[in-house]
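Trainee: Dropping the structure in here first, questions after.
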Amino acid sequence: MTRVLVTNDDGVTSPGIAALARALATVGHDVVVVAPDHDASGTGASLARISTDTAIAVTPSSISGFDGDVFGLAGPPAMCVVVAVNGAFGEPPELVVSGINAGLNTGRSTLHSGTVGAALAAQNFGLRGLAVSQDQPGKGHWHTAAMLAADISVVLMDAPDLVTLSLNVPGVEAADVRSTRWGGLAEFGSVRTQIVDFSDNEIHVDMLPTHYDPPEDSDLGLVRAGYAAVTSLHAGVEVWGQVRPGDVFDPGAIPGASQGDSLSAPRHVLRRA
């Protein structure tokens, strides 16, 4: 039985996390739910302020149809991971599953996602992580993403160390998902931020749909075509060109991924292989 932490960024009372917790328990995991007691969307992997002078409030909660422990925490999703890994809620987790997010986390928007940030925080602690997001949350169908996530969670424990997967699922009935495919990150996410009004004292922003045709094999392209898309992510990737660790800094040899220089996981990760 795998000890699984379930968290999210939409808050502990969201319907997505309820469906996810129930599905993960159904496949035999030992599930504990620790999620923000508020909407923490867009917090990435942030932890908020850490100080012995300021306690983090924790509120017991519950989920209908789920018998495990449920807690709301006054902090972002990654903080939920940090305190759970450090034993605040009993046995530390072996796997972190984050979601189900109300809306896709595709393309470069994954950088800002609290859902994805929690899964990457798990990776930072040497665990495996799975971020789960669903399109068109207003239509419901949470069970579709929950079932797919539960199936992936079982095989994920046999995957390489430090693996974090991002699963994006169409907002349709399970029978209408064409299949699950590997997807690369699209150039843009499904929404973009735009300033709608501003003054000397206030700025009003809104999230608007992106209207462009993503590559067919990208995460966003696949979901729009009716597939569930899985992307393997790694935080803290290094960029190397002509320089190597220990070389004297040369301002004329700054490496950059945009110019084709090599991406590499940090050495402590590679030593685990």
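Trainee: Among the listed residues 183, 171, 221, which satisfies the condition of being under 20 Å from residue 138 (Cβ atoms) and either outside the structural domain of residue 142 (by TED's automatic domain parsing) or crowded, with 16+ Cβ neighbours inside 10 Å (or both)?
Mentor: Criteria check complete, one pass: 171.
Trainee: Another one. With the condition kept exactly as written, say whether any residue in the range 176-183 is closer than 23 Å to residue 31 by Cβ and aromatic (Phe, Trp, Tyr).
Mentor: Looking through the range 176-183, none of the residues is closer than 23 Å to residue 31 by Cβ and aromatic (Phe, Trp, Tyr).
Trainee: Among the residues of the range 57-86, how many are touching a helix residue (DSSP H, G or I) at 6+ places or on another chain (Cβ under 9 Å), surrounded by fewer than 16 Cβ atoms within 10 Å (Cβ to Cβ) and assigned to a loop (DSSP other than H, G, I, E, B)?
Mentor: Narrowing the range 57-86 to residues touching a helix residue (DSSP H, G or I) at 6+ places or on another chain (Cβ under 9 Å): 58, 63-68, 70-71, 73, 75-82, 85.
With surrounded by fewer than 16 Cβ atoms within 10 Å (Cβ to Cβ) added as a condition, the list becomes 64-65, 67.
From the residues that got through so far, the ones that are assigned to a loop (DSSP other than H, G, I, E, B) too are 64-65.
Number satisfying all stated conditions: 2.
Trainee: Additional query: Residues in the range 147-166 that are part of a helix (DSSP H, G or I) and hydroxyl-bearing (Ser, Thr, Tyr): how many?
Mentor: Going through the range 147-166 one residue at a time, the tally reaches 1.
Trainee: Condition first: surrounded by 14 or more Cβ atoms within 10 Å (Cβ to Cβ), under 22 Å from residue 99 (Cα atoms) and assigned by TED's automatic domain parsing to the domain that holds residue 149. Can you find one or more residues in the range 207-218 that meet it?
Mentor: Among the residues of the range 207-218, at least one is surrounded by 14 or more Cβ atoms within 10 Å (Cβ to Cβ), under 22 Å from residue 99 (Cα atoms) and assigned by TED's automatic domain parsing to the domain that holds residue 149, which makes the answer yes.
Trainee: Any residue at all in the range 174-193 that is in contact (Cβ under 8 Å) with a residue 40 or more places away in the chain and assigned to a helix (DSSP H, G or I)? Break it down into steps so the answer makes sense when it comes.
Mentor: Of the range 174-193, the ones in contact (Cβ under 8 Å) with a residue 40 or more places away in the chain are 176-191.
In the following step, the residues that additionally are assigned to a helix (DSSP H, G or I) were identified as 176.
Checked against the condition, which is being in contact (Cβ under 8 Å) with a residue 40 or more places away in the chain and assigned to a helix (DSSP H, G or I), the range 174-193 yields at least one hit.
Trainee: For residues that are assigned to a loop (DSSP other than H, G, I, E, B) and either not assigned by TED's automatic domain parsing to the domain that holds residue 173 or not small (Gly, Ala, Ser) (or both), tally how many sit in the range 125-144.
Mentor: 5
The values are calculated or read from the model by the stated rules, or taken from the named source; none is laboratory data. A quick note: this is a predicted structure, and the numbers were derived from the prediction, not measured. Reconstructed Cβ throughout: ideal geometry from the backbone, glycine too, with neighbour counts over all protein chains shown.
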